């Protein structure tokens, strides 16, 4: 076997391994960070007045409404992400929420705006893994081990025809 054929076979093997890992990696991200979204959202809902005060200090409009909205989005969106239901729409909204989180807090805004000069502060900011998970799920879907996959599989089954004699 020549070197080119060996390289092609090695690449094919690596591709297959990567494809086999996709559902597991997506599951790990979804479960861990879905739960983390749930916990932070629940905390915002239970500490509503503190969040309203924080949002007021940041100059966020309608801080009372936005505290309920963000808390509910993170709490219930996190649970949907965790189980993999309505994953892409909820991941899209959670990603926007995390971008707003970066932009709303002055020291996190600076980290976002200087990402190409020094990525480390951006990568170490609190919203980073929440944003990363939301973007991963939005881009690649929830993976094989999700309710979305189960629903899609169920909808693809051919319907049995009813015959009346």
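Comparing mean-square fluctuations of 29, 37, 54 from a GNM of the chain with C-alpha springs under 10 Å, the top value falls on 54. By the beta-carbon count within 10 Å of each Cβ, the least crowded to most crowded order of 107, 102, fewest first, is 107, 102. Compared with the dominant principal axis of the Cα atoms in the chain, helix 63-83 is inclined by about 20°. When the alpha carbon gyration tensor of the range 3-85 is reduced to an equivalent ellipsoid, its three semi-axes come out at 44, 14, 8 angstrom, largest first.
Counting other Cβ atoms within 10 Å as a rough exposure proxy, the listed residues 155, 85, 94 run 155, 85, 94 from fewest neighbours to most.
Working from label points 7 Å from Cα in the Cα-to-Cβ sense, the residue 2 to residue 124 distance is 5.1 nm. Put the Cα centre of the range 56-119 next to the Cα centre of the range 15-32 and the gap is 24 Å.
With everything on Cα atoms, drop me the angle between helix 48-58 and the longest principal axis of the chain, reported from 0 to 90° to the nearest 10. Helix 48-58 sits at roughly 80 degrees to that axis. Ordered by the count of other Cβ atoms within 10 Å of each Cβ, fewest first, 146, 49 give 49, 146.
Compactness ratio for the range 27-141: Cα radius of gyration over 2.2 N^0.38 Å (N = residue count) comes to 1.04.
Bear in mind that the values in this text are calculations on the coordinates, not laboratory data. All of these numbers come straight from a predicted model, not from anything done at the bench. With ideal geometry, Cβ positions are generated from the backbone for all residues, glycine too; neighbour counts draw on all protein chains shown.
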